[in-house]
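The values are calculated or read from the model by the stated rules, or taken from the named source; none is laboratory data. The shown structure was predicted, so the numbers you read here are calculated from the model rather than taken from an experiment. Quick reminder, even Gly has a Cβ in these numbers, built from the backbone with ideal geometry, and neighbours come from all protein chains shown. For the accessible areas, the whole protein counts, side chains as well, though only heavy atoms, and no ligand, DNA or RNA atoms are used. Shrake-Rupley method; radii C 1.70, N 1.55, O 1.52, S 1.80 Å.
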Amino acid sequence: KFFVVFLTIGGTAVLIAGFLIDRELKGVLMRWSEEEMAAEARLIALIPPNQVSARIVEFSESAGARITLLDAAGRVQADSNPAAIEPGNHLYRTEVQEARLRGEGSAVRYSRTLSIELQYVALALTEGGEIKRYIRLARPVQDVVRSMESFRRIFLWVLVPVLFIPLLLCLIYSIRTISPIGKLVA
């Protein structure tokens, strides 16, 4: 009975801890990815626009993200993956609107063109107080999910022994405690 109770408590604790850690880890990894892309966008913003357009694929590979240059009206000027350009004006995308209002914006949304969920970061580039263009970086959310899956495997490899060794000791202790009582009853 002790063993079953401890197994139930331990299993429940592991499930709750795993759920909470998983949720917090995803948030931390998404924020880290967003901050990293924003830093890359700020670095790219320091380079003259014509050089960025000419070397956009190189910058994209270095940043580990798709890069899109938009003019002030939201029209695509250059993209590191031209096949992935979504049709229409990009000015009204969440991350671009946030960048228009605050200088920097981010969003996580589904890309109809690529059929995957992407994390976006946009940076408004101004001259004389007026927005001249936007730099937008995007990464698949799947990259964060893969990192989390790796963490889950490590978590299980560490947690299972940590949980079951005390449970095994509890079972041994229970048997040693109960066996004299069983002898007295016999």
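A few notes on this one:
- Our helix-only sum for the chain, with -39,500 (n - 2.57) per DSSP H run of n ≥ 4 divided by its residues, gives a mean residue ellipticity at 222 nm of -21000 deg cm²/dmol.
- When both region 38-69 and region 135-184 are represented by their alpha-carbon centers, they are found 43 Å apart.
- Subtracting the Cα-Cα distance of Ile47 and Arg23 from 0.36 nm times their residue separation leaves 4.9 nm of extension gain.
- Max mean-square fluctuation residue, GNM over the chain, Cα-Cα springs under 10 Å, options Ala13, Ala45, Ala124: Ala13
- Candidates Gln142, Gln97, Gln51, ranked by Gaussian network fluctuation over the chain, Cα under 10 Å, top entry: Gln51
- ³J(HN,Hα), Karplus 6.51/-1.76/1.60, whole Hz, each residue of region 122-132, x for Gly, Pro: 10, 10, 8, 9, 10, 9, x, x, 10, 5, 9
- For the chain, the relative contact order comes to 21 percent (Cα pairs under 8 Å, sequence separation of at least 6).
- The accessible surface of the chain, taken with every protein chain in place and a 1.4 Å probe, is 65 percent carbon and sulfur.
- For the chain, the gyration tensor built on C-alpha atoms gives a prolate shape. Its axis ratio a/c (a ≥ b ≥ c) is at least 1.5, and a/b is the larger of a/b and b/c.
- Near Ser106, the amide H atoms lying under 5 Å from its own belong to Ala122; only residues 5 or more places off or on other chains count, and H is placed 1.01 Å from N.
- Simple spin-label estimate for Glu149 and Ala39 in nanometres, 7 Å along Cα-Cβ: 2.7
- Dipole axis of region 40-160 (+1 Lys, Arg; -1 Asp, Glu on Cβ), positive-most option in Ile85, Ser150, Tyr110: Ser150
- Taking Arg93, Arg176, Arg152 as the candidate residues, the one with maximal mean-square fluctuation in a Gaussian network model of the chain, Cα springs under 10 Å, is Arg176.
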